[in-house]
Amino acid sequence: METFLKWAGGKRWLLNKADKLLPDINLTNRYIEPFLGGGSIFFHLEPKVALLSDLNEDLINTYVVMRDSWHDLFEILKKYHNQHSQDFYYKIRASKPRTSINKAARFIYLNRTCWNGLYRVNRKGEFNVPIGTKSNVILSNDNFEQLSYLLNTASLDVCDFETTIDKAVENDFIFIDPPYTVKHNLNGFVKYNETIFSWQDQVRLRNSIARAISRGAKVLITNANHESIKELYKGCGKMHLLNRASVIAGNSEARGSYSELAILNG
C-alpha cells in the first residue's frame, strides 16, 4: 500500500533506494514510528502490530478516522471533489470543523489541493498554505477500505517522540525520521507544526534511541547529512549515505539532489 497523504520530508523516495535497510517485518515484534507524517514506511511494510505517533493532533485524528470511519470519510471527500474551486478551497481552509470526521475530511482535502501538499501553520496554529495546481480530491488509486484494514493493526497516539520510543522492547523495529535540525541551527525550525524541534530535542532523541537499542530494539534513523549529526549519533549504528531529489521548491530550477543520512543498528 501507498500513503494517502503527501508530506514534506516524506519517505516515499526511500522505498526504492533502501529496501536493504528495512527488516523482514515478519521477524520483528512490533513496528514503531514516533514521527509518523505520511506513514510511507508503515504502509509499505504492512506490519501486523504497530505503534504510531506524532505531535500533530490533526494528523493523528485523520489516521484514526481513516481507520474507524473510512466509508463516511470517503463520502464527504466525494462531495468536496465535486465542489472544489478556488473559492471553495479558501472556504474550507478558513473553516473550523468540530467533529473528528469533518476535521479529517478537511485535512485530506487541503493536503491534496494545497501547494505541494505542504503542511504549515502560523503562530496561531492556523493552516495557511495557498491553493495548489492539483484539483483531484478523490484519486484513482484510493483504497480507503484497505488503508483502514492496515491501520487496524496500529495504536495511534498524539505524544512526544520520547514517550513512544521508551515503549520499545527487544525485537521491536523503530523507524525514526525527525525534523532535520543540526547543531549550528540553534533555533531549530518549524517543520510539520508550530512546535520547534531544537538541537536539544535532537540530543534528547539520540539519548532515547540509545536506551531503546540497549533494550534490544532495532532502529533505522534518517537524518541530515551533517557532521554534527554524525558526531551525535556515533555508536547508534552503521551510517549510510542516501541521495534524494528535493521537490519542495516552488521554482523547478531551485530543486536539486540532496544527500541524507541513514543510521541502522544491528
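Residues that are part of a helix (DSSP H, G or I), within 20 Å of the chain's Cα centre (by Cα) and farther than 25 Å from HIS71 by Cβ within the range 84-120 comprise TRP115, ASN116, listed in sequence order. Note on the range 216-242: residues that are surrounded by 15 or more Cβ atoms within 10 Å (Cβ to Cβ) and of a type outside the set (A, V, I, L, M) total 10. Among the residues of the range 92-113, those that are more than 22 Å from SER148 (Cβ to Cβ) and either among the small types (Gly, Ala, Ser) or touching a residue at least 12 places away in the same chain (Cβ under 8 Å) (or both) comprise ILE92, ARG93, ALA94, SER95, THR113. Within the range 38-75, the set of residues being surrounded by 20 or more Cβ atoms within 10 Å (Cβ to Cβ) and among the aliphatic types (A, V, I, L, M) comprises ILE41, LEU45, ALA50, LEU51, LEU52, LEU59, VAL65, MET66, LEU73. Only one of the numbered conditions (1) closer than 29 Å to ASN122 by Cα; (2) among the hydroxyl-bearing types (Ser, Thr, Tyr); (3) surrounded by fewer than 20 Cβ atoms within 10 Å (Cβ to Cβ); (4) in the same structural domain as ARG244 (by TED's automatic domain parsing) is violated by TYR90, and that is (4).
Report whether or not TYR80 is under 23 Å from LYS238 (Cα atoms), over 11 Å from the mean Cα position of the chain (by Cα) and buried (at least 17 other Cβ atoms within 10 Å of the Cβ). Answer is no for this residue. What about ILE32, is it in a strand (DSSP E or B) and assigned by TED's automatic domain parsing to the domain that holds VAL169? Here the answer is yes, as ILE32 does meet what is asked.
Looking at this structure, is GLU126 assigned by TED's automatic domain parsing to the domain that holds GLU46 and either surrounded by fewer than 18 Cβ atoms within 10 Å (Cβ to Cβ) or in contact with a Ser or Thr (Cβ under 7 Å, 6 or more places away or on another chain) (or both)? Considered against the rule, which asks whether it is assigned by TED's automatic domain parsing to the domain that holds GLU46 and either surrounded by fewer than 18 Cβ atoms within 10 Å (Cβ to Cβ) or in contact with a Ser or Thr (Cβ under 7 Å, 6 or more places away or on another chain) (or both), GLU126 comes out as no.
The values are calculated or read from the model by the stated rules, or taken from the named source; none is laboratory data. Worth saying up front: this structure is predicted, and the values here are computed from it rather than measured. Glycine gets a Cβ as well: all are built from the backbone with ideal geometry, and neighbour counts include every protein chain shown.
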